[in-house]
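The values are calculated or read from the model by the stated rules, or taken from the named source; none is laboratory data. This structure is a prediction, so every number in the text was calculated from the model and none was measured. When we count neighbours, we look across all protein chains shown, and the Cβ atoms used for this are built from the backbone with ideal geometry, even at glycine.
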Amino acid sequence: MSDRIHTLSGYFHEYQKSVADPENFWARVADSFHWKKRWDKVLDWDFEGPDVKWFLNGKLNITENILERHLYTIGDKPAIIWEPNEPGEDSRTLTYRQLYEEVCRFSHVLQEKGVQKGDKVIIYMPMVPEAAVAMLACARVGAVHSVVFAGFSSNALSDRINDCEAKVVLTADGNFRGNKKIPVKAVVDEALEKTSTVTSVIVYQRTGQEVTMKEGRDFWWHEAIEGKGTQQEAVEMDSEDMLFILYTSGSTGKPKGVVHTCGGYMVYSKYTFENVFQYNPGDVYWCTADIGWITGHSYIVYGPLLSGATSIMFEGVPTYPHAGRFWEIVDKYKVNQFYTAPTAIRALQAHGTEPIEPFKLDSLKVLGSVGEPINEEAWHWYHTHIGKTKCPIVDTWWQTETGGIMVSPLAGITPTKPAYATLPLPGVQLAIMDPDGKEMTGNSVEGNLCIKFPWPGMIRTTYGDHDRCRQTYFATYKGMYFTGDGVKRDHDGYYRILGRVDDVINVSGHRMGTAEVENAINEHPLVVESAVVGYPHQVKGQGIYAYVICDMKNRSEQSLTNEIKDTVTKIIGPIAKPDKIQIVPGLPKTRSGKIMRRILRKVAEGNMDNMGDTSTLLDPDVVEKIIEGRIE
Ligand code: PRX
């Protein structure tokens, strides 16, 4: 752990070095990894293209840095500890050696099914260790994994399979979540009816529920690995070969496939993990995210395992079978670093402190927060009742596109401030832009957050549509990566993320495009038009408020709104289901036909005093009617 920062002055020193000479800075970090062949050049970049390459012509396999690297030093140490949904069921531990063997075995399976370097593999699995094994086995054979959150619908799944032309799907029979047993394979079956590229499906048996297996296409995981060797040579990858695609929502159109590559992502995920969480050998670390999201990729699987850490993987939910479940797990494994989302904190906060009391939390050293702005109240509750005021909170700001944490305190080093992500990590050069596209210098400023220099973990392209990548991130501000977030830099130079400034909403830490939800709503045959906005929600951070124009056909509002909710669940998944649906006679549109979302946001927020200028509206009366029918 040679690149570990230990003091605040050390942080400032490293930060200065990373800005003055980024190439040397990152070369030094990258030198601590195992490369099959060292790179020729550290960085080539152009934000216009965009065209960013790190560690050019370097050859590696990320799994050698996770597996072989640790085999002879910490082979018997737990890599993954898995805690099942039911507290009564046995947990499982995979040591680094066992992980190595499982990954090798499954790599053979992938190759047997014809998976070659560059092939795309969809992982649609519950939170079981095999999901991590699946990711690493893909990386080992040079295949590109694309993990799809197992809560997404068959439509969302088939869209992703088709977009990346996946050859293989890795899945499970079902998924235990709280008191539910959710079918998973059945969703895959439905999705595959709308795809033509998948030749094999491998099914991990988790729930034992009945599934249909298609002869010649579907195979059981446990049968496929039988007799497979526990050694397998890792395929040589170029630094800039794709490691994975992860689909995420944007402000327009369908979710896009964010592409991350092998070398830069490896260096960045490990460096940020060790520094932000101040992980020390022997510590037990737990991130509660799902592997279907970037947080699960970078901070359950890659970052921790590259660091030789013990990473806990939890199958269940925070409130099952009781609201103390998280704390029970912290106590059981003596967790040292705990990383979760504000929405989970707020949900647990609503249950009061009683569920915490039976459990000892004194192993905790660091608390983390990710995915959405953390409000001060939740920050204090977390700090007081979970951290007992002795654990620093690392409020980590980053995105699917950034690959790893960008702005965050270093635990125990950077003085924290409630609701502030504080300072950029070394290598991260932030810029705040004003509405005219000028960088705002100095402190006490507020504007749009951009990044003006490449970092190793950054997005390389959006799969199959490079111009979309340019348009979305590099076209708004010339020569800069635009994050889509608003930000404030206070008088101390500390950063506070204010939330999205585009048409992306953040519901329970899940990113959703308003256009995506509208498209799903519009699939209902009686819907004429819809507009979706976010509104402040006590637990979820933001809720989804949908204004819908319908052809009522003598239906009751109640039955129609329920049907619309079902439609959204079917098209995207339950996470996109609107919290409120208001049937409206019209939408506030300008003469050129543009919906004035500003007005809809204000109504959804209940902030109707100052509607601003509505004189450009085609039909100003519609605003009154919308206010009258507002749903509390
Ligand atoms: O708006 C920011 C918010 O989540 C967005 C990124 O979402 P996603 O790609 O799904 O990745 C989430 C996990 C990294 C950002 O544009 N966000 C993420 N972390 C924070 C945050 N907002 C405020 N504070 C954070 N710590």
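For segment 169-202, a residue qualifies if it is acidic (Asp, Glu) and farther than 17 Å from Val148 by Cα, and exactly one does: Glu193. Within segment 462-504, restricting attention to residues that are part of a strand (DSSP E or B) and of a type in the set (Gly, Ala, Ser), the residue that is farthest from Met440 (Cα to Cα) is Gly499. Going by the structure shown, is Ala520 under 27 Å from Thr400 (Cα atoms), modelled with pLDDT under 95 and either within 16 Å of the ligand (Cβ to nearest atom) or in a helix (DSSP H, G or I) (or both)? No: the conditions fail for Ala520. Picking from residues in segment 244-270 that are away from the ligand (no atom under 14 Å from the Cβ) and of a type in the set (S, T, N, Q), the one that is farthest from Arg511 (Cα to Cα) is Thr261.
Yes/no per residue for (1) among the hydrophobic types (A, V, I, L, M, F, W, C); (2) outside any loop (DSSP other than H, G, I, E, B):
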| residue | (1), (2) |
| --- | --- |
| Asn175 | no, yes |
| Gln232 | no, no |
| Leu246 | yes, yes |
| Val259 | yes, yes |
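What number of residues within segment 474-504 are in contact with a Ser or Thr (Cβ under 8 Å, 6 or more places away or on another chain) and away from the ligand (no atom under 12 Å from the Cβ)? Qualifying residue count, segment 474-504: 5. Residue count for segment 199-226 satisfying the condition of being in a loop (DSSP other than H, G, I, E, B) and in contact (Cβ under 8 Å) with a residue 40 or more places away in the chain: 3.
Only one of these is hydrophobic (A, V, I, L, M, F, W, C), within 24 Å of Glu236 (Cβ to Cβ) and in contact (Cβ under 8 Å) with a residue 24 or more places away in the chain: Ile74, Ile66, Ile5. Name it.
Details: Ile74 fails: within 24 Å of Glu236 (Cβ to Cβ); Ile5 fails: within 24 Å of Glu236 (Cβ to Cβ).
Result of the check over Ile74, Ile66, Ile5: Ile66.
Are there helices (runs of 4 or more DSSP H) fully within segment 1-105 with at least 1 residues that are among the aromatic types (Phe, Trp, Tyr) and farther than 18 Å from Val428 by Cα? List them.
On the way: elements: 8-20, 22-30, 68-74.
Where helices (runs of 4 or more DSSP H) fall fully within segment 1-105 and carry at least 1 residues being among the aromatic types (Phe, Trp, Tyr) and farther than 18 Å from Val428 by Cα, they are 68-74.
Scanning segment 392-409 for residues that are farther than 15 Å from Trp455 by Cβ and either within 8 Å of the ligand (Cβ to nearest atom) or of a type in the set (Phe, Trp, Tyr) (or both) yields a single hit, Asp395. For segment 422-434, the criterion of being surrounded by fewer than 23 Cβ atoms within 10 Å (Cβ to Cβ), away from the ligand (no atom under 14 Å from the Cβ) and within 30 Å of Met242 (Cα to Cα) is met by at least one residue. With respect to the conditions (1) on the phi > 0 side of the Ramachandran plot; (2) among the polar types (S, T, N, Q); (3) away from the ligand (no atom under 12 Å from the Cβ), Thr514 falls short on a single one, namely (1).
Residues in segment 348-382 that are buried (at least 18 other Cβ atoms within 10 Å of the Cβ), within 16 Å of the ligand (Cβ to nearest atom) and not polar (S, T, N, Q): 11 in all. Criterion first (touching a helix residue (DSSP H, G or I) at 6+ places or on another chain (Cβ under 8 Å), surrounded by fewer than 23 Cβ atoms within 10 Å (Cβ to Cβ) and outside any loop (DSSP other than H, G, I, E, B)) does His385 satisfy it? When the stated conditions are applied, His385 passes them. Scanning segment 431-461 for residues that are hydroxyl-bearing (Ser, Thr, Tyr) and in a strand (DSSP E or B) turns up just one, Thr461.
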